[in-house]
1. Could you work out how far helix A:349-363 tilts from the main Cα principal axis of chain A, as a 0 to 90 degree angle to the nearest 10?
2. Which whole-Hz ³J(HN,Hα) couplings does segment A:268-281 yield from phi under the Karplus relation 6.51 cos²θ - 1.76 cosθ + 1.60, θ = phi - 60°, glycine and proline marked x?
3. Just want the answer: with Cβ charges of +1 for Lys and Arg and -1 for Asp and Glu, which residue in A:82, A:168, A:328 is farthest toward the dipole's positive end in chain A?
4. Build a GNM of chain A with springs between Cα atoms under 10 Å: which of A:95, A:284, A:292 gets the top mean-square fluctuation?
5. Using the Karplus equation 6.51 cos²θ - 1.76 cosθ + 1.60 (θ = phi - 60°), what ³J(HN,Hα) coupling, rounded to whole Hz, does each residue of segment A:58-65 give in order, writing x for Gly and Pro?
6. Could you pull out every one of the lysines with an alpha carbon less than 21 Å from that of residue B:125, ignoring same-chain neighbours closer than 8 positions?
7. Got a sec? How would B:75, A:359 order by Cβ neighbour count within 10 Å, fewest to most?
8. Which order do B:333, A:316 fall in if you start with the one that has the fewest other Cβ atoms within 10 Å?
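Only the coordinates and a few stated rules stand behind these numbers; no lab work does. Treat the numbers as computed from the prediction; the structure is a model and nothing was measured. With ideal geometry, Cβ positions are generated from the backbone for all residues, glycine too; neighbour counts draw on all protein chains shown.
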Protein chains: 2
Amino acid sequence: MTQTVPAELDPALIKQIIAAVDAGFEEQCQLTEKVISFPSLRGQEATAQDFMAQTYRSRGLSVDHWKIDLGDIQHLPGFSPVAVSYDNAFNVVATHRPREATGRSLILNGHMDVVPTGPLDLWTKPPFHPWRDGDWLYGRGGGDMKAGLVCALSAFDALSRLGLQPAANCYFQSVTEEECTGNGALACLARGYRADAAIIPEPSDMCLVAGQLGVMWFQVKLQGRPAHVGWAGTGSNAIEASFPIIAALHELEAKWNAARHQNWADHPHPINFVVSKIEGGDWTSSVPAWCTFDMRISFYPGMKLEQVRRDIEDTVRQAAGNHPFLANNPPQVIYHGFQAEPYIVTGGEAAQATLRRSHRSVTGEDPADVSLTATTDARFFGLYAGIPALVYGPKAIDIHGFDERVSMRSMRDVTCTIALFMAQWCGVEKRN
Amino acid sequence: MTQTVPAELDPALIKQIIAAVDAGFEEQCQLTEKVISFPSLRGQEATAQDFMAQTYRSRGLSVDHWKIDLGDIQHLPGFSPVAVSYDNAFNVVATHRPREATGRSLILNGHMDVVPTGPLDLWTKPPFHPWRDGDWLYGRGGGDMKAGLVCALSAFDALSRLGLQPAANCYFQSVTEEECTGNGALACLARGYRADAAIIPEPSDMCLVAGQLGVMWFQVKLQGRPAHVGWAGTGSNAIEASFPIIAALHELEAKWNAARHQNWADHPHPINFVVSKIEGGDWTSSVPAWCTFDMRISFYPGMKLEQVRRDIEDTVRQAAGNHPFLANNPPQVIYHGFQAEPYIVTGGEAAQATLRRSHRSVTGEDPADVSLTATTDARFFGLYAGIPALVYGPKAIDIHGFDERVSMRSMRDVTCTIALFMAQWCGVEKRN
């Protein structure tokens, strides 16, 4: 599908839209703080989603609020095995339908789930009590990506403030599961949501994302031969046996970093294999009989999931082969969570040009292009539904870290850009 | 205190005592199985202790059954910081008092707590459902050391069967906390129990233990700098930061193994530093902000606890100094559980000679001398109460491992040896 770039907006309207964003900006920041205040860790985001449904409804949007059902998605391409229970996994999609659909439709997608805080004593203030300092708005999930989620709705609010609304369907998606599988976005596809373009305001420092790596989670389960520690030599330590396996996986990481994909040609270290969780042993005076570690890896466009899994398993098997106990008791590799294919944005030239133009109207400059070393839900729209999916959002620091924070100036600029994009891409009509 | 070796028993009495052990041996095995069937993990041993109290009472012994009170022991030498709650930590001491105390008194000490099973699927049969195969009696805690605990009482039962009883006080101690601190044995001292000798039938393969290493538990807590895994280089991985710390500790272990103490001169690897538990990280897509590992180490007689702790802390600090993040965020070293001093049996010549003679009467050979690479509760009696404490018990395999098992033949032989020891050391008188 080749799309033409929509007509430019009247300069006066551009000014009005930007002024309307500014007029609502304090309200937008307060809404962002309210959303951050929900501790919407995966498995605990349902109350935050209730709040979003209510927030969308208060704008007169039509709200679809449902529990993710594995039966709807587990057969679909892009599905990842469940890492965290869906007992409490709700999606919310709010739809604006114009009186006359003359423009192009748009999905504005964001995720509500946030990653764990880590030790609380390392935060300056409690992570779910947002606070401001200069340009920074602090709080877990503020950058990744509640600020962006609110930017999308605030862009719509800015048009409303001018008595306008998009002249095409707009879908405001607040999904879950982005941080472990993306099955929330997949469930939106399964439910039939489609549009001519999608924007995901993940924290991109206002760069326009050209592509993203594939991401995979796996778990390696090692056995040991337990023994009394007084005779440790008669046992095999499952914890220490994991160290050479991890080292071998890092060698594979180095190999992939050396064979750079063009989109990451200038990146110092695009591929990251990270041992992110470990657990092993039951008793301090027993040689541990088990150890399990979790790893997150990334890989380039062009690499297939199956080949990646084969490479991982070969690496683990070869390293285990050099270990006296593991050679005969090979570790198990288990896949749960992300099995996320890489994604390079294609067929999105018209949407990209519109976004660039909008960004320029706000900042006076072209947005930088970037390829992410992580994944986002953009892949679902692009790979499995043919919808060009642009990732473009605020500037944030220490996402997944302590004292996560998002730049309010960038929230304002991103909201302006999205509002201008919406007005061009969808067109506008008068509100009733 | 120099003690003289008691007179030898009449050869006819020796035969009678051995025959009396054999007569009760099936009953003894069944009692051992019954005791093994209690899943008396530390914190869950109270029902097994109830059973022991009842078993002792059924022999007419006077039973002291009490909850360990930190206030009674925490000021005493030999105390170790609590590793597992004492909410459910009960000791049982059963006392035999003769009509006329003409012989030497004896403590027979054993522990009821057992170590965790590890993954159940690696056991041939459920660990707390004891079963027999040939000479082996299987079950968690059978070897370490319920079989020995029952041997002590069965030796008393054998004398009873002959219408005899020890002519001195005998204390049958079923304690807890041996597997993590020894505070159960310490609580017996605090309660005033003393005797002229102690025997602990820990699984020693019927060797006579001459000494035991010191044992220490500690925990190292590492911080990291969390980050999104897509930009892992901006973070510091707390899990992987533990690897060089562990490696440095192993260098200290190698140094101590090289500088061999005479009692372990022929041992291939007396000193064992074992990483036995590890835990770290909260989320697979976050660089982990924390990691904690537990280590058990051992050290020679002559080494002071304080010096050992200094060596550990120096090693951790030096290794951390080479790490970009840890250099400014040094790991914490925390001591909980074993702070157990080494112990070489001294002043026990008379008791040792009596035990050797008894063993020879049963097996026709001298028992081998051995120095343990682990600790036992013997140190409390020897170091803090001047009571020579002999460790001598059955043959067991895979203690702290899977399919732990104890040789029934050795249970029988150890019971005979203890009964003969009791008859010589305490003397005998007719039962009423």
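1. With both axes taken from Cα atoms, the answer is about 70 degrees.
2. x, 6, x, 8, 10, 9, 10, 6, 10, 9, 8, 7, x, x
3. A:168
4. Highest fluctuation of the listed residues: A:284.
5. Once θ is set to phi - 60°, the couplings for segment A:58-65 become 5, 8, x, 7, 8, 10, 10, 10 Hz.
6. Correct list for residue B:125: B:34, B:146, B:395.
7. So the ranking, lowest neighbour count to highest, is B:75, A:359.
8. Neighbour counts put them in this order, fewest first: B:333, A:316.
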